[in-house]
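Quick notes on the structure that follows.
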Amino acid sequence: MWPGLRLETRISCPNSLQQSQLVFGGRRWTSFPLRPGPFPLESDFSVAAAASGMTLAPGAAQAALLARVPAAREMAVCGDILFVGTKGSSVYAVPLSGGRARRVASRFSAPNGVACSRGRLFVASRNSITAFDIGPGGALSGRRDIRRGLPNSGAHSLRYIAVGPDSRLYVSLGSPCNICQPRGLQGTIVSMNQDGSDLQRVAWGVRNSVGFDWRGGTMFFTDNGADRMGDDIPPDELNELRPGGFYGFPYFGGQIRLKGFQDARPPAQEIPPVFDFQAHVATLGMHFFLSLGGDALVAEHGSWNRSVPVGRQVVRVRFQGGRPVSSTTFLRGVGRPVDVKEAPDGSVLVSDDAGGAIYVFRR
């Protein structure tokens, strides 16, 4: 249904209009001019960000800039409002029908994660989980911390949060390092009741998961592989949750022994990934789409320490018999994608923290 979608751009000089084509399903649709936006032209995200309201060939997708949100990260679709977490100090609300993003909460330390349930918004920041009541137009009230004192995750302290089929909150707690031994709840995924009680560790040996979703009641989560072991190892991972399971870090990345732990004995039997992504693509947010027959879209934030850069795209992971079997490019040209979500009308929403934007792709 959406076999591949990307934007290609040609810029003749720094102040000229950008001429772009949408590549969709292997075909190139007619070029169209894009108005220059306020973003740097040397970055890929200037392509899509300037494409607000473009009209393409009949039957193809329509791409638009939904809103500008500084350092946009995880998204939560809550009725007709999209809430957006950030790497800064604020959370934003965006009308899915269109309109400017509005700051609805602030005074956080990197409120990366947002999720909604039963008329409430949950925000996962570096050190706490905070709940709000959602009012008309996305207004928030009744702020209260339901969980404090989250473990110090160092550079991997951007939490991801989601509500599971069991109505519990699931939160990722990254490892504090590239390759080292986590302590306590570092390097885990935990779950809790919506009032913050009954904290349970559901996965450990996880380096840095910044994305998960459920398919048929089964949770799948991404995990970023270790750096500084070369261009092509270890892989980024897609894992299937087995409650309480050990996923290998810091002994394994995928099924490759990690530097410094080659001869160390793991504390438990590793559960290997169900799918390996290319090393260093930095897989983050993921979502299973009804409009894609239950396949997943995964945001690849992109490499930072590879000799030939990879990632910076959204990929489609195809499933057969409940198992992932392949990964193909779904969308390029949206800067550094962080999260993907499905709007009520089946549209694809993508957040880009580098460009500070939310994009929407409609049939």
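Look through region 80-114, keep the residues that are touching a residue at least 40 places away in the same chain (Cβ under 8 Å) and in a loop (DSSP other than H, G, I, E, B), and return whichever of them is surrounded by the fewest Cβ atoms within 10 Å (Cβ to Cβ).
Looking at the filtered set, the residue picked out is 80.
Starting from region 123-139, take each residue that is more than 25 Å from residue 100 (Cβ to Cβ) and list its partners that are among the hydrophobic types (A, V, I, L, M, F, W, C) and at pLDDT 95 or above, counting only C-beta distances under 6 angstrom and pairs at least six apart or across chains.
126/110; 127/150; 129/146; 131/122; 131/146
Name the residues in region 273-299 that are in contact (Cβ under 8 Å) with a residue 60 or more places away in the chain and at negative phi, would you?
Correct list: 283, 284, 285, 286, 287, 288, 291, 292, 296, 298, 299.
Determine, yes or no, whether residue 73 is in contact with a strand residue (DSSP E or B) (Cβ under 9 Å, 6 or more places away or on another chain) and over 26 Å from residue 190 (Cβ atoms).
It is false that residue 73 is in contact with a strand residue (DSSP E or B) (Cβ under 9 Å, 6 or more places away or on another chain) and over 26 Å from residue 190 (Cβ atoms).
Kindly indicate whether any position in region 173-184 is crowded, with 19+ Cβ neighbours inside 10 Å and outside any loop (DSSP other than H, G, I, E, B).
yes
Output the number of the condition that residue 359 fails; it satisfies all remaining conditions of (1) free of Cβ contacts under 8 Å to residues at least 12 places away in the same chain; (2) touching a helix residue (DSSP H, G or I) at 6+ places or on another chain (Cβ under 9 Å).
Among (1) free of Cβ contacts under 8 Å to residues at least 12 places away in the same chain; (2) touching a helix residue (DSSP H, G or I) at 6+ places or on another chain (Cβ under 9 Å), residue 359 violates only (1).
I'm trying to understand the selection: among the residues of region 190-242, which are among the β-branched types (Val, Ile, Thr), under 19 Å from residue 76 (Cβ atoms) and either out of contact with any strand residue (DSSP E or B) (no Cβ under 7 Å at 6 or more places or on another chain) or crowded, with 22+ Cβ neighbours inside 10 Å (or both)?
If the condition is that a residue be among the β-branched types (Val, Ile, Thr), under 19 Å from residue 76 (Cβ atoms) and either out of contact with any strand residue (DSSP E or B) (no Cβ under 7 Å at 6 or more places or on another chain) or crowded, with 22+ Cβ neighbours inside 10 Å (or both), then 210, 222 are the ones that fit.
Which of the residues belonging to region 340-354 are closer than 17 Å to residue 290 by Cα and touching a residue at least 24 places away in the same chain (Cβ under 8 Å)?
Those that are closer than 17 Å to residue 290 by Cα and touching a residue at least 24 places away in the same chain (Cβ under 8 Å): 340, 341, 342, 343, 344, 346, 348, 349, 350.
Restrict the check to region 177-186 and report whether at least one residue is among the β-branched types (Val, Ile, Thr), over 24 Å from residue 93 (Cβ atoms) and at pLDDT 95 or above.
Checking region 177-186: at least one residue is among the β-branched types (Val, Ile, Thr), over 24 Å from residue 93 (Cβ atoms) and at pLDDT 95 or above.
Tell me yes or no: at least one residue of region 241-252 is closer than 21 Å to residue 327 by Cβ and either among the basic types (Lys, Arg) or within 18 Å of the chain's Cα centre (by Cα) (or both).
For region 241-252, residues closer than 21 Å to residue 327 by Cβ and either among the basic types (Lys, Arg) or within 18 Å of the chain's Cα centre (by Cα) (or both): present.
For region 144-163, which positions are surrounded by 13 or more Cβ atoms within 10 Å (Cβ to Cβ) and over 23 Å from the mean Cα position of the chain (by Cα)?
145, 146
Residues that are touching a residue at least 60 places away in the same chain (Cβ under 8 Å) and of a type in the set (D, E, K, R): does region 237-258 have at least one?
The answer is no, given that none of the residues of region 237-258 is touching a residue at least 60 places away in the same chain (Cβ under 8 Å) and of a type in the set (D, E, K, R).
Residues being over 12 Å from residue 78 (Cβ atoms), of a type outside the set (S, T, N, Q), in contact with a Ser or Thr (Cβ under 9 Å, 6 or more places away or on another chain) and in a strand (DSSP E or B): count how many of those fall in region 115-132.
2
The values are calculated or read from the model by the stated rules, or taken from the named source; none is laboratory data. It should be emphasised that the depicted structure is a prediction, and the values quoted were computed from it without experimental measurement. All Cβ positions, even for glycine, are placed from backbone atoms using ideal geometry, and neighbour counts span all protein chains on display.
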